[in-house]
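Shown next, in structure tokens, is the structure this report addresses.
The values are calculated or read from the model by the stated rules, or taken from the named source; none is laboratory data. What you see is a predicted model, and the numbers here were worked out from it, not measured in a lab. With ideal geometry, Cβ positions are generated from the backbone for all residues, glycine too; neighbour counts draw on all protein chains shown.
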Amino acid sequence: MNPQICTLGMSVLLVELAQRVYGPSTAGEFVNKYRSIEVIGLKVEEGEIRRSGVIITTAATAYVNNGHKVARTNPNYVTPGKRHKLQKILLSLDDNRELKRYVSFDKVGARISVSNGREELFSYTANAIKQSLMGKGSPEQVKQTANLMNLWRVFQADVKERNRSASTQVTDRLTPKAAEKEGTDQTIYQHSFPLNDIGQLVRDYLGVDCNGFVNLYLMSKYPDLTIRSAHEMEDVYVQGGKHQNKVNKNLRNSTEEIQADDAVVFYKNHYHHIAVVNTVFRRNKDIAVVSLAESRGSSMGGVQTNTFTIRRQPTKHQFSIDGRNEEFVKIVAPDRWKP
């Protein structure tokens, strides 16, 4: 293997290790990581794909959730099926004979390094692509996915010489159940991927869902917690089963107890959303004014921070939040996940 490629690959691993060891200092900082994804610019020159020397900064603000059924009511929503099709395309690029005339894919362990023979363009893992396109990717995994998306876009637009404003069409066969989820009654479904700028593609296709955001943040800042994956559901934060005693000990019962990094779990008919306290501005026995970090629906901006007033309700462990139409929220300290 090219020694330069090997060195660059090790550098990426060391950066990821540092992020894991030190983590973000606040939930707001973690939001900013998703809102400032840096994509390596690429160009086709002298028969090979090269770095353009430009870093494109864009925001991964889509609300990516495979169970989110809004396709029929929001025509601009990128459906789970479309993301799954893109995932299959991206994961097959390392076996694309035509593309391999321009770049090579060198696998070391789980990591795949993409190079043009002279320099590494970027690297990624298959797991990063899968997690990012189901709303469970960390900022680093989303960045890897964005770089691979950009390679595919440049390959389609410049190598195959398709107009950047045009779309590349992919036909897919759906089961009746999958078709319903996609908001169509057609089992032969045409996916259209526009070849516009990578910034727009990232904003349309990449982001994180609510529990993915909170899980990943707490896992990165507190690696000793027992949160095992980005897939932990919001209800388990406050419903611990055999660990309910530990949960109860860490549930807040007063606005005076609320602290940064507390998880805020929303209930309306069922537990359905989760956020995390970013900053506590002021608090007393009646209210707490806080900044919440969370991922909300794409139409509401994806990952974000906003200031809210939290009020204690008469029922033990229950609170309300001004401006949020919920029956109640419960607030739990991250120690709920201590071993």
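Structure above, values below:
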quantity: Residue tally, condition more than 15 Å from residue 328 (Cβ to Cβ), out of contact with any helix residue (DSSP H, G or I) (no Cβ under 6 Å at 6 or more places or on another chain) and among the charged types (D, E, K, R), over the range 235-261; calculated: 5
quantity: Hits in the range 279-296 - residues which are of a type in the set (A, V, I, L, M) and surrounded by 24 or more Cβ atoms within 10 Å (Cβ to Cβ); calculated: 288, 290, 293
quantity: The range 223-242, residues that are within 19 Å of the chain's Cα centre (by Cα) and surrounded by 16 or more Cβ atoms within 10 Å (Cβ to Cβ); calculated: 227, 230, 232, 234
quantity: Pairs where the first residue, in the range 86-107, is at pLDDT 90 or above and the second is of a type in the set (Gly, Ala, Ser) and not in a strand (DSSP E or B), C-beta under 7 Å, 6+ apart; calculated: 91/126; 104/117
quantity: When residues of the range 179-218 are limited to those that are hydrophobic (A, V, I, L, M, F, W, C) and modelled with pLDDT under 70, the one farthest from residue 276 (Cα to Cα); calculated: 188
quantity: Qualifying positions in the range 85-126 - part of a loop (DSSP other than H, G, I, E, B), buried (at least 17 other Cβ atoms within 10 Å of the Cβ) and of a type in the set (Ser, Thr, Tyr); calculated: 102
quantity: Residues (in a loop (DSSP other than H, G, I, E, B) and surrounded by fewer than 18 Cβ atoms within 10 Å (Cβ to Cβ)) located in the range 243-278; calculated: 253, 254, 259, 260, 268, 269, 270
quantity: Test set (1) at pLDDT below 95; (2) in contact with a Gly (Cβ under 6 Å, 6 or more places away or on another chain) - residue 338 fails condition number; calculated: (2)
